[in-house]
1. Step by step: first the residues of region 215-227, then only those that are without any contact (Cβ under 8 Å) to a residue 24 or more places away in the chain and touching a helix residue (DSSP H, G or I) at 6+ places or on another chain (Cβ under 7 Å), then the one that is nearest to residue 182 (Cα to Cα). Which residue is that?
2. Looking at (1) under 24 Å from the mean Cα position of the chain (by Cα); (2) farther than 21 Å from residue 254 by Cβ; (3) surrounded by 22 or more Cβ atoms within 10 Å (Cβ to Cβ), which is the only condition residue 14 fails?
3. I'm trying to understand the selection: among the residues of region 27-43, which are in contact (Cβ under 8 Å) with a residue 60 or more places away in the chain and surrounded by fewer than 20 Cβ atoms within 10 Å (Cβ to Cβ)?
4. Find the residue count for region 116-170, including only residues that are without any contact (Cβ under 8 Å) to a residue 40 or more places away in the chain and either under 27 Å from residue 195 (Cα atoms) or buried (at least 21 other Cβ atoms within 10 Å of the Cβ) (or both).
5. If you go through region 196-214 one residue at a time, do you hit one that is part of a helix (DSSP H, G or I), touching a residue at least 60 places away in the same chain (Cβ under 8 Å) and closer than 24 Å to residue 148 by Cβ?
6. For region 221-236, how many residues meet the condition of being within 23 Å of the chain's Cα centre (by Cα) and either outside any helix (DSSP H, G or I) or within 21 Å of residue 281 (Cβ to Cβ) (or both)?
7. Search region 171-195 for residues being without any contact (Cβ under 8 Å) to a residue 24 or more places away in the chain and in a helix (DSSP H, G or I), and hand back the single one that is nearest to residue 72 (Cα to Cα).
8. Looking at this structure, is residue 205 at pLDDT 95 or above, in contact with a helix residue (DSSP H, G or I) (Cβ under 9 Å, 6 or more places away or on another chain) and over 21 Å from residue 120 (Cα atoms)?
């Protein structure tokens with residue numbers, strides 16, 4: 001492992017530690033029982049099978065969104081379209097789960113494939129605009145999110161809404177469309193296994209295939225990649241399609257694994273979470289798994305503290321913001337990085 005990569009890992013760990021220390025400061029300043037609140041925050045998520053299951057459940061969509069963003073970042077693209085893709089793919093998969101009659105194993109698979117197809121089609125728009133016209137993918141993807149939200153809500157309200165329920169939700173999914181629970185006493189579903197397999201496959205794709213090499217080279221230096229014969233426009237489209245497929249699968253799996261019907265009436269927020277997860281993992285697909293579990297652990301801990309004391313759940317938003325700021329700040333610990341790299345050069 002190179003010294004630069006080792007340093008990036010250390011900087012990530014320091015960022016996590018700083019975030020936890022800030023959580024301690026917030027608890028000390030706000031709580032009437034700071035010691036007990038800190039204990040709940042740190043140890044509470046591991047005190048019961050159900051809480052551990054909550055960590056795993058929360059990590060599943062974060063893994064998918066983190067993988068989608070890690071692929072984008074590897075190509076030096078900043079596309080936040082995963083936010084809208086989670087929503088629209090959930091709509092498409094839910095429509096299949098409600099109306100299509102298929103056997104118990106085949107129906108969930110078709111639902112997930114519908115979400116994957118929706119994600120790829122949606123991502124093709126900013127990808128093609130970037131490849132053909134050089135349009136900024138962040139701007140186009142953010143605009144697409146609003147469009148997808150409006151289209152999804154229209155489709156939900158006019159084609160899927162259950163009139164027997166007062167709120168805006170769909171009809172219930174067919175029983176054989178729901179993802180199988182794999183840990184009794186929790187809501188951990190087979191989507192967790194799918195997420196792990198997906199992370200491994202994305203790792204092999206990025207580091208053991210020709211297409212992954214082209215993506216990484218394009219991300220490092222697009223001009224050099226083009227000079228060496230790589231078709232950069234094709235790579236940009238490919239990256240968007242793969243990321244769209246991953247995010248699309250994540251949206252459907254979250255719906256079928258954690259809900260009985262489609263219940264989102266706003267963007268679920270996973271697209272922005274994915275950027276943080278990818279940054280924490282240094283864009284490594286396998287590292288995304290650990291990063292997702294760390295963020296999930298923080299969220300469950302903050303939720304437990306909120307329920308047992310007077311600490312607001314908004315604390316987790318502060319912690320996530322601090323992590324992103326420190327990870328994205330190139331000058332954070334830069335002095336120590338320089339010294340470390342100089343030692344390597346003198347050898």
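1. Of all residues in region 215-227, those without any contact (Cβ under 8 Å) to a residue 24 or more places away in the chain come to 217, 221, 223-227.
With touching a helix residue (DSSP H, G or I) at 6+ places or on another chain (Cβ under 7 Å) added as a condition, the list becomes 217, 225-226.
Numbers: 217: 40, 225: 45, 226: 47 Å.
Filtering region 215-227 for residues that are without any contact (Cβ under 8 Å) to a residue 24 or more places away in the chain and touching a helix residue (DSSP H, G or I) at 6+ places or on another chain (Cβ under 7 Å), the one nearest to residue 182 (Cα to Cα) comes out as 217.
2. Going through the list (1) under 24 Å from the mean Cα position of the chain (by Cα); (2) farther than 21 Å from residue 254 by Cβ; (3) surrounded by 22 or more Cβ atoms within 10 Å (Cβ to Cβ), residue 14 breaks only (3).
3. Of region 27-43, the ones in contact (Cβ under 8 Å) with a residue 60 or more places away in the chain are 27, 30-33, 36-37, 40-42.
Correct list: 30, 31, 32, 33, 36, 42.
4. 1
5. Yes, because at least one residue in region 196-214 is part of a helix (DSSP H, G or I), touching a residue at least 60 places away in the same chain (Cβ under 8 Å) and closer than 24 Å to residue 148 by Cβ.
6. The first filter runs over region 221-236 and keeps only residues within 23 Å of the chain's Cα centre (by Cα), leaving 235-236.
Next, from what is left, pick out any that are either outside any helix (DSSP H, G or I) or within 21 Å of residue 281 (Cβ to Cβ) (or both): none.
Counting residues in region 221-236 that are within 23 Å of the chain's Cα centre (by Cα) and either outside any helix (DSSP H, G or I) or within 21 Å of residue 281 (Cβ to Cβ) (or both) gives 0.
7. Within region 171-195, the first condition is being without any contact (Cβ under 8 Å) to a residue 24 or more places away in the chain, and the residues that meet it are 175, 180-182, 184, 193.
From what is left, the residues that are in a helix (DSSP H, G or I) are 175, 193.
Working: 175: 35, 193: 23 Å.
Checking each candidate, the answer is 193.
8. Numbers: at pLDDT 95 or above: yes; in contact with a helix residue (DSSP H, G or I) (Cβ under 9 Å, 6 or more places away or on another chain): yes; over 21 Å from residue 120 (Cα atoms): no.
Considered against the rule, which asks whether it is at pLDDT 95 or above, in contact with a helix residue (DSSP H, G or I) (Cβ under 9 Å, 6 or more places away or on another chain) and over 21 Å from residue 120 (Cα atoms), residue 205 comes out as no.
The values are calculated or read from the model by the stated rules, or taken from the named source; none is laboratory data. Everything numeric here is computed off the predicted structure, so don't read it as measured data. As a convention, Cβ positions derive from the backbone with ideal geometry for all residues, glycine included, and neighbour counts pool all protein chains shown.
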